[in-house]
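The values are calculated or read from the model by the stated rules, or taken from the named source; none is laboratory data. Small disclaimer: the values here were computed from a predicted structure and weren't measured. All Cβ positions, even for glycine, are placed from backbone atoms using ideal geometry, and neighbour counts span all protein chains on display. To get the accessible areas, we keep the full protein, side chains included, count just its heavy atoms, and leave off ligands, DNA and RNA. Shrake-Rupley method; radii C 1.70, N 1.55, O 1.52, S 1.80 Å.
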Amino acid sequence: MFSIVIRGLRSTFPRQSLVINTSSHFHRSIVYKAEDVERVQKAKISKAMKAYLERAKEYESCMETARLEYKLGKRHLANMMGADVETFTQQDIDQAVQYLFPSGLYDPAARPTMKPPEEFIPRKKGAEFDEAGRPFHPLFYTGRPNFFQLLFEVVENINKMNALEDSTRLKGKSLDSVGKKIDTTGSEWLPKELLEKKIVETISDIEYDNFISAMNRLEAHPLSDRVKDFVFEYRKPLISKLDNDTIPVPQQDEDGRQCVTIYECLRKTARGDVTLKFPGTGKIEVNGQDLRSVGNTQQREQVLFPLLFTKMYGKIDVTANVSGGGPSSQAGAVRWGIAMALRSFVDEDQIARMRVAGLLTRDYRRRERKKPGQAGARRKYTWKKR
C-alpha cells in the first residue's frame, strides 16, 4: 500500500490497482480501477449530504404514491358513476364527489375534494447533485438554475423563429404560410409570486423585469403562434366579469320612463325580482303593499339603505315581488335587487362606493344545521358529572 496525491486529494490505493504507462519519457499517466475511485468518493460523503439525498428521495416517493392513489380513486369514482375511466376528466371527478359526498358547508376549502397531488402538495426541488457532489444542472452555479434555464429557452425560441423567418423571406414566401402572431387577449403574465412557485426559486425584482421583457419580445414576434404552448404556460387568464357585473341598460316603459328589472334576487330561501323606474316619486311597493306596512323597522331600513346611500331616495319608484323565506331574508333579497338596479342610474364613482360598502355582494350565508349529539348547531348539552 502507498499514498498518492491527485488534484490536491490524498488517497490510499492498493498496489495492484495501479497501471503505469511509460510509453513516453516526458508523459506518464496513472489509471485506477473505477470501483476503487467510487469507493473512496462514497466514503467522503458527509452526513448532511446523505440527509439531503434521503429527503429528496422521500419527496419523490411521496409524490409517486400520491399519484398512484389519485389514479386508483379516479378509477373507483368512474366505476361508481358508471363512466369510462379513460374519458373521466377532472370536471367529472368534481361532479362525482359533489354528488356522492354532499356538503352544506359554506367554505369551499372545507368540502371534500379529490385533486391531482401536484395541485395541493407544494412543489419542492429534487436532488440537485449526486453523491459525489457533482451538480446535475449545467447552470447550477448561477444560484438560480431554473430561472436562467427559462431565459435560455426564451432566447432559443426567438432564435429558432428568427431563422425560420429569414428562410421564409429568402424563399419569397409570405410569413402567414408558416405562422402568425399569438393572440394573448384576456390574459396576463404570471406575477412574481406565482412565477417563483412555478420555478421553485426566489428571484429579484430586476430579474423578474428581465423575464417580462424577454417574454414580451417573444410574444411580439410575427411567428410567436408557433410557441403558443410555451407562452401560455407563463400567463394566467384575467378575472372574467360575472353576469352580475354587467350593468343593465335601462328600457322605456309605457309612460316613457326608464326602468330596470333585476331577477334572481336571493337571500337564504327567499327569491324575488325588483323593478326600478326613473324618474319617480319615491313610491316603494313590496308584493303589492306599501313599504310602511311591511315588516318591522329594521327590515324596512334594510330596503331603504341602498336608496339613502346613493341619495336616490324620493327620485325612483321601486316595485318588488318576493317569496319564500322569512321577513329578514326577503328584506335582504329586495335590498340586493335595489342596489344592483341602481347601478344603471348612478356614476362609476358611486358604483365603486357601493361595492366598498358591500351593497353589490351577495350574502350566501345559510342557517347552520343542528349536529347530532348537540343541542344545536354549536350549542352543547349541559355536562353533568353525576
Query raised in the report: Does segment 323-346 contain any residue that is part of a loop (DSSP other than H, G, I, E, B) and either touching a residue at least 60 places away in the same chain (Cβ under 8 Å) or surrounded by fewer than 11 Cβ atoms within 10 Å (Cβ to Cβ) (or both)?
Result: no
Requested in this report: Give the residues of segment 165-177 that are in a helix (DSSP H, G or I) and either surrounded by fewer than 16 Cβ atoms within 10 Å (Cβ to Cβ) or in contact with a Phe, Trp or Tyr (Cβ under 7 Å, 6 or more places away or on another chain) (or both), sorted by residue number.
Outcome: ASP166, SER167, ARG169, LEU170, LEU175, ASP176, SER177
Report task. Could you look through segment 191-212, keep only residues that are of a type in the set (D, E, K, R) and in contact (Cβ under 8 Å) with a residue 24 or more places away in the chain, and pick out the one that is most open to solvent (accessible area, probe 1.4 Å)? Result -> LYS197
Report summary line: Going through segment 307-358 in order, the residues found to be of a type in the set (Phe, Trp, Tyr) and closer than 15 Å to TYR263 by Cα are TRP336
**Report entry** Residues located in segment 245-270, provided they are out of contact with any Asp or Glu (no Cβ under 7 Å at 6 or more places or on another chain), closer than 18 Å to ARG335 by Cβ and of a type in the set (D, E, K, R)
**Finding:** GLU264, LYS268
Query raised in the report: Could you list, in sequence order, the residues of segment 104-154 that are modelled with pLDDT of 70 or more, open to solvent by 90 Å² or more (accessible area, probe 1.4 Å) and not in a helix (DSSP H, G or I)?
Result: ARG111, THR113, PRO122, ARG123, ARG134, PHE136, PRO138
Requested in this report: Write out, first by first residue and then by second, each pair whose Cβ atoms fall under 6 Å of each other, whose residues are 6+ apart or on separate chains, and whose first residue, in segment 250-272, is touching a residue at least 60 places away in the same chain (Cβ under 8 Å) and part of a strand (DSSP E or B) while the second is open to solvent by less than 50 Å² (accessible area, probe 1.4 Å) and of a type in the set (Ser, Thr, Tyr).
Outcome: VAL260/SER344; THR261/THR275; ARG267/SER329; ALA270/SER329
Query raised in the report: With GLN299, GLN350 as the choices, which residue is assigned to a helix (DSSP H, G or I), over 24 Å from THR246 (Cβ atoms) and open to solvent by 20 Å² or more (accessible area, probe 1.4 Å)?
Result: GLN299
Query raised in the report: Just one of LYS315, LYS311 is in contact (Cβ under 8 Å) with a residue 24 or more places away in the chain, surrounded by fewer than 16 Cβ atoms within 10 Å (Cβ to Cβ) and farther than 20 Å from ARG271 by Cα; which is it?
Result: LYS315
Query raised in the report: Within segment 365-381, can one find any residue that is in contact (Cβ under 8 Å) with a residue 24 or more places away in the chain and in contact with a strand residue (DSSP E or B) (Cβ under 8 Å, 6 or more places away or on another chain)?
Result: no
Report task. Kindly indicate whether any position in segment 73-91 is closer than 27 Å to VAL227 by Cα, open to solvent by 40 Å² or more (accessible area, probe 1.4 Å) and either of a type in the set (S, T, N, Q) or at pLDDT 90 or above (or both). Result -> yes
Query raised in the report: Limited to segment 276-299, what total is found for residues that are in contact with a strand residue (DSSP E or B) (Cβ under 9 Å, 6 or more places away or on another chain) and closer than 14 Å to ALA333 by Cβ?
Result: 4
Query raised in the report: Would you say MET215 is out of contact with any Ser or Thr (no Cβ under 8 Å at 6 or more places or on another chain), assigned to a helix (DSSP H, G or I) and crowded, with 16+ Cβ neighbours inside 10 Å?
Result: yes
